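This report concerns only the one structure given below.
The values are calculated or read from the model by the stated rules, or taken from the named source; none is laboratory data. Note that the coordinates shown come from a computational prediction; the quantities given were computed from them, not determined experimentally. Cβ placement follows ideal geometry from the backbone for every residue including glycine, while neighbour counts extend to all protein chains displayed. Accessible surface areas use protein heavy atoms only, side chains included; no ligands, DNA or RNA. Shrake-Rupley method; radii C 1.70, N 1.55, O 1.52, S 1.80 Å.
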Amino acid sequence: MNLKQLPYFIAIAETGSLSAAARRSGVSQPSISDYLHELERELGTPLFERRQRRMFPTEAGAAYLQMARQVLILQTRAQDMIQNRHLQKKQSIRVGVSPHRGVQCLAALYQSFIKQFPQQEIDPIEGYMPGILEMLQAGKLDLCFATISNHVPDDSLCFLPTQQEEIVLALPAFHRLAPYASQEAAQAAQINLSELQDIPFILMSSDSTIGQASQQLFSQCGFNPVIVFQSSNIVMVNEMVHSGAGAGLIPAYYAKPSKDVVYLRLKDPAYLFFAVAWRSGHQLTEAERYLIYLKTRLWDSKNSNKLTNFLWPEKLRRIFQEFEPDYPIPDIQESEPMKEASS
């Protein structure tokens with residue numbers, strides 16, 4: 001018994017004609033006739049009889065017809081189970097993100113990503129940037145939404161910068177320097193950080209990118225700040241400044257207008273750079289490139305401010321041209337503070 005030919009038998013029973021069964025099955029009538037003759041010879045009994053110019057199943061034929069239909073149902077169910085099991089084995093992209101903006105960014109683009117790549121999963125790994133980059137170097141992550149200074153941490157990683165963002169000085173609204181400051185960070189006056197040696201600071205700890213950038217700023221100014229509180233949590237630092245506990249150095253993204261806080265900009269500006277990172281030598285998959293496109297398109301572009309500059313390295317341009325050829329990429333390329341990813 002050839003299971004592939006069971007639909008032939010069902011077609012004969014349902015059409016009552018060898019010629020009609022042949023047309024339905026997409027084969028010649030002699031092929032159908034030979035199939036039935038061989039099957040009846042194999043089973044040793046007639047399976048159809050002719051009455052009024054139509055073929056009807058015999059008692060044995062009716063039993064065989066019932067069996068054929070059950071076998072095909074089981075075959076279909078088995079195929080569905082195999083297909084569903086295959087669908088459940090989704091490929092995963094392990095993405096390192098910060099607990100704050102990184103998580104928000106991933107949430108903003110997730111639905112668009114899985115709509116385009118339903119067979120892919122995003123596996124987010126949260127952490128602060130030094131630890132995330134170590135995991136990336138160790139091969140425990142595929143991509144990383146990185147926040148870094150203008151120093152590239154390691155040649156073993158490729159960085160694709162998308163934005164640079166200014167670091168601003170946040171002060172309690174009652175601070176003695178408040179008359180010179182502004183509630184709008186982009187409109188704030190500039191000040192030399194060296195003039196602030198006698199004020200208390202709320203700072204990010206050294207296990208964060210902005211904490212490391214702040215240390216570098218103070219080192220360049222030649223003094224150690226008076227630190228009254230430190231945290232790895234930017235939200236905590238921002239809230240402490242709002243409560244009046246001291247001044248803070250924060251990314252412009254968090255410098256929101258408030259009656260409790262005013263802002264000054266630094267005469268020697270310092271920046272954070274937002275990038276996507278991966279291991280050197282790794283060839284980005286189509287899904288990974290689409291994830292980078294969505295990050296820039298759906299998150300970066302909607303969460304920028306006047307103190308944020310977009311960067312358009314050549315690889316990012318190519319990624320946009322791949323997924324949105326008509327996107328109006330600026331003709332003049334921004335200066336790039338770090339090596340451009342080439343992998």
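Can you say whether Ala108 is of a type outside the set (Asp, Glu), closer than 30 Å to Val262 by Cα and assigned to a helix (DSSP H, G or I), as far as the supplied structure shows?
yes
Can you find, within the range 108-154, the residue that is least open to solvent (accessible area, probe 1.4 Å) among those that are of a type in the set (Gly, Ala, Ser) and over 30 Å from Pro269 (Cβ atoms)?
The residue in question is Gly139.
For Asp300, work out the one condition from (1) open to solvent by 20 Å² or more (accessible area, probe 1.4 Å); (2) assigned to a helix (DSSP H, G or I); (3) at pLDDT below 90; (4) not polar (S, T, N, Q) it doesn't fulfil.
(1)
Does the range 201-234 hold any residues that are assigned to a helix (DSSP H, G or I) and among the hydroxyl-bearing types (Ser, Thr, Tyr), and which are they?
Residues satisfying the conditions are Thr209, Ser214, Ser219.
Could you go through the range 5-13 and let me know if any residue there is free of Cβ contacts under 8 Å to residues at least 12 places away in the same chain, open to solvent by 50 Å² or more (accessible area, probe 1.4 Å) and assigned to a helix (DSSP H, G or I).
no
Within the range 87-104, can you find the residues that are at pLDDT 90 or above and either open to solvent by less than 70 Å² (accessible area, probe 1.4 Å) or in a loop (DSSP other than H, G, I, E, B) (or both)?
Within the range 87-104, Ser92, Ile93, Val95, Gly96, Val97 meet the criteria.
Give the range 283-295 a look and list any residue that's within 24 Å of Asp155 (Cβ to Cβ) and touching a Ser or Thr at 6+ places or on another chain (Cβ under 6 Å), or say none.
Across the range 283-295, there are no qualifying residues.
List, please: which pairs have Cβ atoms under 8 Å, are six or more places apart or on different chains, and start with a residue in the range 113-129 that is under 14 Å from Val95 (Cα atoms) and end with one that is modelled with pLDDT of 90 or more and among the aromatic types (Phe, Trp, Tyr)?
What qualifies is Phe113/Tyr290; Gln120/Phe113; Ile122/Tyr110; Ile122/Phe113.
Any residue at all in the range 166-185 that's open to solvent by 50 Å² or more (accessible area, probe 1.4 Å), out of contact with any His (no Cβ under 6 Å at 6 or more places or on another chain), of a type in the set (Phe, Trp, Tyr) and not in a loop (DSSP other than H, G, I, E, B)?
Yes: the range 166-185 contains one or more residues that are open to solvent by 50 Å² or more (accessible area, probe 1.4 Å), out of contact with any His (no Cβ under 6 Å at 6 or more places or on another chain), of a type in the set (Phe, Trp, Tyr) and not in a loop (DSSP other than H, G, I, E, B).
When only residues in the range 175-209 that are in contact (Cβ under 8 Å) with a residue 60 or more places away in the chain and of a type in the set (Val, Ile, Thr) count, which is farthest from Val261 (Cα to Cα)?
Ranking the qualifying residues of the range 175-209, first place goes to Thr209.
In this structure, is Ile32 modelled with pLDDT of 90 or more and either in a loop (DSSP other than H, G, I, E, B) or over 30 Å from Glu134 (Cα atoms) (or both)?
yes
Across the range 244-257, which residue is nearest to Ala213 (Cα to Cα) among those that are in contact (Cβ under 8 Å) with a residue 24 or more places away in the chain and surrounded by fewer than 17 Cβ atoms within 10 Å (Cβ to Cβ)?
Across the range 244-257, the extreme among qualifying residues is Ala245.
Would you pick out the residues in the range 210-240 that are without any contact (Cβ under 8 Å) to a residue 24 or more places away in the chain and either crowded, with 17+ Cβ neighbours inside 10 Å or over 16 Å from Pro172 (Cβ atoms) (or both)?
Gly211, Gln215, Ser219, Asn224
Out of the range 45-81, which residues are farther than 16 Å from Leu6 by Cβ, open to solvent by 70 Å² or more (accessible area, probe 1.4 Å) and either more than 59 Å from the chain's Cα centre (by Cα) or touching a residue at least 24 places away in the same chain (Cβ under 8 Å) (or both)?
Once the filter is applied, which keeps residues that are farther than 16 Å from Leu6 by Cβ, open to solvent by 70 Å² or more (accessible area, probe 1.4 Å) and either more than 59 Å from the chain's Cα centre (by Cα) or touching a residue at least 24 places away in the same chain (Cβ under 8 Å) (or both), the range 45-81 yields Pro46, Glu49, Arg50, Arg51, Gln52, Arg53, Arg54, Glu59.
Looking only at the range 264-281, decide whether some residue is open to solvent by 10 Å² or more (accessible area, probe 1.4 Å), in a helix (DSSP H, G or I) and among the acidic types (Asp, Glu).
no
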